[in-house]
Every structure is written in C-alpha cells, then in structure tokens.
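What follows is a single structure, written as structure tokens, with notes after it.
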Number of protein chains: 6
Amino acid sequence: MSPQPIEYDDASSDVRAIYDEIKQARGINDVNNFWKYLANDPVTLRRTWHSLKEIMEPGALDSLTKELIYIAVSATNNCAYCIRSHTASASSKGMTDAMFGELMSVVGMANETNKLVHGYQIPIDSV
Amino acid sequence: MSPQPIEYDDASSDVRAIYDEIKQARGINDVNNFWKYLANDPVTLRRTWHSLKEIMEPGALDSLTKELIYIAVSATNNCAYCIRSHTASASSKGMTDAMFGELMSVVGMANETNKLVHGYQIPIDSV
Amino acid sequence: MSPQPIEYDDASSDVRAIYDEIKQARGINDVNNFWKYLANDPVTLRRTWHSLKEIMEPGALDSLTKELIYIAVSATNNCAYCIRSHTASASSKGMTDAMFGELMSVVGMANETNKLVHGYQIPIDSV
Amino acid sequence: MSPQPIEYDDASSDVRAIYDEIKQARGINDVNNFWKYLANDPVTLRRTWHSLKEIMEPGALDSLTKELIYIAVSATNNCAYCIRSHTASASSKGMTDAMFGELMSVVGMANETNKLVHGYQIPIDSV
Amino acid sequence: MSPQPIEYDDASSDVRAIYDEIKQARGINDVNNFWKYLANDPVTLRRTWHSLKEIMEPGALDSLTKELIYIAVSATNNCAYCIRSHTASASSKGMTDAMFGELMSVVGMANETNKLVHGYQIPIDSV
Amino acid sequence: MSPQPIEYDDASSDVRAIYDEIKQARGINDVNNFWKYLANDPVTLRRTWHSLKEIMEPGALDSLTKELIYIAVSATNNCAYCIRSHTASASSKGMTDAMFGELMSVVGMANETNKLVHGYQIPIDSV
C-alpha cells in the first residue's frame, strides 16, 4: 500500500511537535501534504524541516531569490507538487508574473544549452 | 576497486563467444570498451548484446534513424561515451554534419520546451 | 496563483499576432495549451514560436524524423504533454504504430545503456 | 568524427558576424568554446546567441539572479562546462563565495525534496 | 492516437503466450497495464519480459533488495507508475514501512549530494 | 574562480571540528574531497555530515543495502565521483563483483522501463 498522510490528530507527540514548529514558523493552521507524508518517517520529517528552515532563511541570498532557485530546480526535475508549492511561496514573497516569466525563460534556455554542450561534447575553455 | 575491462585473451569461453558474435556482426577486430566492461557480468553482456542487436536492426525505422534517436537520448542524459560511439555509428551510416546539427537543434529545443511545460504546468489539451 | 491560459479574445494584439501566425502555419482554428500558457510572457511566446518553426521545418532531416527525435527526448524527460502532442504530430506526418514501437524500444535501450556506462564508469575508446 | 571548434580565421562571414556581435556585447577578444562548436551549425549559432542575449538581459529579474538560476539548472543537469562558465559570469556580476554556497545548498535541498515528493507520491494540496 | 492497452481476448497468439507466462510466473489472473501497453509491440513485450525475469530473480542480491533498487531509480526518474507497482512488489516481499522510509531518506540524500558534487565540481579523490 | 578544497591546516576551527568527527567516525587520516569542497560553506558541511551520518547508519536497512541504493541513484544521475566513492564504501561493507553486476543490471532495467512507461503513457493500474 502507498504511504498515507498523517493528520495532526493521529500523529505521535514527536510528529506533533514538528507540525507545531512548522505552523508557528509559517503562521498557518495546518501543515501541507509534504509534511503529512514525510511524517511516516519521523526522523526524516524532523531532519528535512530543520534543514529546509536553515537553508531557506535569508542570508547572502534573500528569501525570494532562494524560492526562484527552488522553482528552477523543480521545473528541471518535473516535480509538479514542488513547482506549485514554491510558486505560491515565491508569490507571497513578491514574485510578479513578469518575474515568473523571466525565470521560466532562463530555465528553458539553460536546459537547452546544457544539452547542446553535452551533444557537441564541448570542452571547458582553457583560461 | 572499480570494474576493469576484460580483454579477449583473459575472457571465459562464454564471454569470448559473445565477443566473437559482436566482432563478426560488425566486421571489427576487437570489441569496444562498452562490451569489455559489461563482460564483468556475462549474463548482462549476453542479454545486452542480443537486445541491442534486435533493437537496432532496420525495421519500420532504418538504422540511421535509430542511431539519431540513440544520440538524442544520450545527449539528454549526458552520456559522453554513448554520444561518441553512436555519433561514430551514425556517421558510418550516412549522417552528415548538417544532419547532426539539426539533430542537436531539435534535442536542444525539446529539452527547453519540456521544461517550459513543466514549469508552467501546462495541462494536456482536450481534444 | 498558477499561470492561466490566455484565450484569443483576451489576448493583447502582440499575442494575437503570434496566435494568427501559428494558426495559419498549421491550418488550425485555435492554438493549443502550450501557446496559451506561454502567452503569459509574450517575449517567450514569440521567441519560442519562431525558434520552433525554424528548427522543425524540413532540412537535412525530414519533418517526421524530427518529430521522432522530439518524442525520444520527451519520453526521456517524462513530459507527458510533449509526448502526447508530438505523437499526434508524428502520426499526422506518417508515423505508424510499428514505427512508434521501434522508437520506444530504442529510447528504452538507450536509457538503459546510458546508465550502464555511468555505473561501470566506462572510459571513451582510444581510436 | 566529433565536431571541432571553428576559429574566427576559418569561419564563414555569417559566423564571423555573430562572433563579432558576441565579442562586442561582452567586451572580449575571442568567443569561448560554446560558440566555436555551435558554429558548425550557423543557424543554431545565430538563434542561440540572439535567444540568450534576449533572455539574459536585465528585466524583471536582474542579471545576477539570472546567472544564479542558470547555475542551479546546470548543477541539476550535471553540465560541467555550463557550471564553470556561468559561475564565472555570476562572479563577474557580484556573486560572492557566500552566495554561491547558499545557492548550492538550495539546489541540493530542492533536488532532495523533489525526489522525496516523487517517492512518497505526494498529491498537490487542495486549497 | 495514443497507444491503447491490449486485453487478453484481443491479443494475438504470440502476445497471449507471453501473458500466460507472466500470469503463471506471478500467480495472477491478469497482467497489469505495463504489459498490456507493451503488447502493442510484441517483440518489445517478449524481450522486456524475459529480461525482467532474468534480472529480478534472486541471485547475488535477493529479490527484496532488487525491488528497493528499482524503487530508488524510479523515484529519481519520477516514474509514478513504476514507484507504485514496485512498491507493491517490495511490500509483498517483506518491505516494511520503516524500510520504505529509510529507502526514501537514502534516495533523497543521494540526489542532494549528487548535485552538490556537480555544482562544486568536486574531482575524484586520488588514492 | 571555481571553489577550491580546504585542507585541514587551512581550515577554521568549526570546519576542523567536523573534519575530526568524520575522521573519527570512519577511522581515516584525512577526509576526502567531498568534505574539503563543502567546507567552503561550513553550515552546509556540518548539516550534510550530520544528515549523512543519520541516514546511512544501519536501521531497518543494513549499511550495505543503503550503499547499493546510493550507487543506484548516482548511476542514474551520472555522478562519477559519487559512484566511485560509494562503490568503494560498498566494497568495504561486503559488496562482491557479482552483487555489483546485478545492481547494475537492475539499475539499467529500471531506467529502461521507466522511460517505456513514460513513452507509452501507461496509466496506474486500478486495483
């Protein structure tokens, strides 16, 4: 049987503690499916949440830029769930339609030229 | 330790029999590295050779078209060895420089639009 | 919010002009979803259409061969929309069921051997 | 035989004209290998250069952000040449070591969670 | 038109013979969609079944370990059908929820570090 | 400029502390390149080491099985460095040549059938 989402009321105290952290950090009433599925493995749930929080907080790169990078990878990997959720996050952080359009154009072009480089077997430039 | 190539003189009789088949089918004096590495697992060597021979022989598609498709996949997957060897095969079957250039342009464009479709989450057209 | 398709009646004159070009070139009454989503970014819409038209017209490779290559890449990348639309195009250009079957067999085999080459770390043959 | 790079002195006038455009736009004395290999197909050379120029110029996203996105895709696709050349471009536009480190951490995390989503078959959240 | 599944009653005798082999080997009453679609190309149906049977039987690796590896590849490639069917197979061979959770955590981590290696361009250790 | 490896003698005390942890856990005299490159971003170095240690320790799956899964993903992603280092780890944990051969055959087959599923657009079995 495929993994099923674990709702707050059915969760162990360990899982609830992580759900509470996520809800507080994000100001939301319920965690989304990503966390409810990972909760099938509480160790992965905890590690992934703490890693994601550490990685996505603003630092040398601002939060919006990080979301754009996340979408770029997710579009390259064809992860519909990830594209959807990070597009929502990016929008909430200020991504406009024009920014999304340019993001997609760069993602498309990078994928195209990556494969041209492979196909033509282009060697790294000597400097 | 990484797998090492198995030369004809060091090969078991089972492996030699496959090497002989390959050499005869292709009119060559020695098999290339692909087969010498697969020979570490004689079952995989035999199955891969028989599968490849069955798949690549001319049928509804001619041999050159099959080689072009092989290169398209290999460029998408960044398999330098495969690009090199199937470019050689395609050339021997009549692929011109102009054909290779157009092949690459289609591969590049397909990779670009594949990712645009993912990023924009474009639903299949109702017909 | 996710991008929404832009219908002809709601489109800017720039977008309509591209839609008209596509409809005329292909002899169809309405453009498909791919173009309606790209229309969110008119610059990408225009560039992608002109690139695609230039790349897919018959040259050293005929149109059907180009469609087969497009499908090969799209199957490797798991782009359902692209597989569906280019399978339709290929069929309209003469792809038979037998040709599709052989196309798939080459795509499958190329993906298998690409990964065997990576896993065995097979070095390029000295020539 | 594999494609060979085409040097300025050996190039057709069409190719030279593109090389000149690139050199002028970038303030460099010689184009890099990417263009010298694409020059085997002058149509692709021209289209790729004009597309890249249009896509990478600052708009709703600034030039540095676009380079970061390019690197994110190239790392996901394992294009060493592209990573190298776009890392150089990004550095020249202000990418610091700290920014590169955070970029890599987001790329790594996105690739990890993309695959977790696939493996757990996580459905899109109802909103 | 897209390929359609071929039911037993509509199948040729060659296809029926393979269906019978699969049903007997697996102790099931009907083959699943994978085989019904491949049956559009009887040569591929036969080769794929015989290859899969040879590869997946217990040898140096037991059947469950082979199923785990199959899921790892399928999650990396985002093949929902394959994840679903091989998760079912693995469960029937003894995969527990805890094992699935650890499998996913390794798959996620491997995908993350693979991309970090690409992005940082880490050279192979001299030994 | 591309990232450079950071040797123990040139490392900050934070980085040295992680290097010391790795060396002690693995009983080695020096960490390998993976860690020396990640050390350019000490936060990623620390998080990646702690995550990897947590994930790869024996649990519901033993250490060797986890290494096999790691190799399966790395071969699918064409990460030569990762294949090499995890093949070495797996060998030290008991992977025989026969096991490696069967691992590769499953990886190859899974990649092939994943793409056949995409290409034929095979729907999930109703059950």
Next on the checklist: Of the residues B:87, B:65, only one is within 11 Å of chain D (Cβ to nearest Cβ) and not aliphatic (A, V, I, L, M); which?
Outcome noted: B:87
Next on the checklist: Would you confirm, using the coordinates I've provided, whether residue C:58 is farther than 29 Å from residue F:105 by Cα and surrounded by fewer than 16 Cβ atoms within 10 Å (Cβ to Cβ)?
Outcome noted: yes
Item to check | Whichever residue in segment D:95-119 is within 8 Å of chain F (Cβ to nearest Cβ) and of a type in the set (Asp, Glu) and, among such residues, is surrounded by the most Cβ atoms within 10 Å (Cβ to Cβ) | outcome: D:102
Checklist entry - If you take the residues of segment C:16-42 that are within 14 Å of another protein chain (Cβ to nearest Cβ) and β-branched (Val, Ile, Thr), which of them is surrounded by the fewest Cβ atoms within 10 Å (Cβ to Cβ)? => result C:28
Checklist outcome for this item: Checked pairs for segment E:91-110, first under 10 Å from residue D:119 (Cβ atoms), second assigned to a helix (DSSP H, G or I) and among the acidic types (Asp, Glu), C-beta under 7 Å and 6 or more apart or across chains, list as E:108/D:112
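For segment E:16-47, give me the residue count where each residue is without any contact (Cβ under 8 Å) to a residue 24 or more places away in the chain and not polar (S, T, N, Q).
15
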Next on the checklist: residue B:92 - would you say it is surrounded by fewer than 19 Cβ atoms within 10 Å (Cβ to Cβ), outside the structural domain of residue B:2 (by TED's automatic domain parsing) and hydroxyl-bearing (Ser, Thr, Tyr)?
Outcome noted: yes
Checklist outcome for this item: For segment C:37-88 the number of residues that are over 25 Å from residue A:100 (Cβ atoms) and among the aromatic types (Phe, Trp, Tyr) is 1
Checklist entry - Given the conditions (1) facing another protein chain (nearest Cβ under 7 Å); (2) within 25 Å of residue D:126 (Cβ to Cβ), which single one is not true for residue A:92? => result (1)
Next on the checklist: So, residue D:54, is that one within 9 Å of the chain's Cα centre (by Cα) and among the acidic types (Asp, Glu) or not?
Outcome noted: no
Checklist entry - For residue A:81, are the conditions met, namely being among the hydroxyl-bearing types (Ser, Thr, Tyr), out of contact with any Pro (no Cβ under 7 Å at 6 or more places or on another chain) and outside the structural domain of residue A:115 (by TED's automatic domain parsing)? => result no
Checklist entry - Residues of segment C:34-51 being among the polar types (S, T, N, Q) and more than 14 Å from the chain's Cα centre (by Cα), which ones? => result C:40, C:44
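If I ask for residues that are assigned to a helix (DSSP H, G or I) and among the small types (Gly, Ala, Ser), which ones from segment D:108-126 would you list?
D:108, D:110, D:119
When you go through E:70, E:81 one by one, which is the residue that is within 14 Å of chain C (Cβ to nearest Cβ), touching a residue at least 40 places away in the same chain (Cβ under 8 Å) and closer than 26 Å to residue F:78 by Cα?
E:81
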Next on the checklist: Checking the condition without any contact (Cβ under 8 Å) to a residue 40 or more places away in the chain, small (Gly, Ala, Ser) and within 14 Å of chain B (Cβ to nearest Cβ), which residue from D:51, D:13 passes?
Outcome noted: D:51
Item to check | segment E:1-10, subset touching a residue at least 12 places away in the same chain (Cβ under 8 Å) and away from chain C (no Cβ under 14 Å), residue surrounded by the most Cβ atoms within 10 Å (Cβ to Cβ) | outcome: E:8
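The values are calculated or read from the model by the stated rules, or taken from the named source; none is laboratory data. Computed from a predicted structure; not experimentally measured. Glycine also receives a Cβ, built like all others from the backbone with ideal geometry; neighbour counts cover every protein chain displayed.
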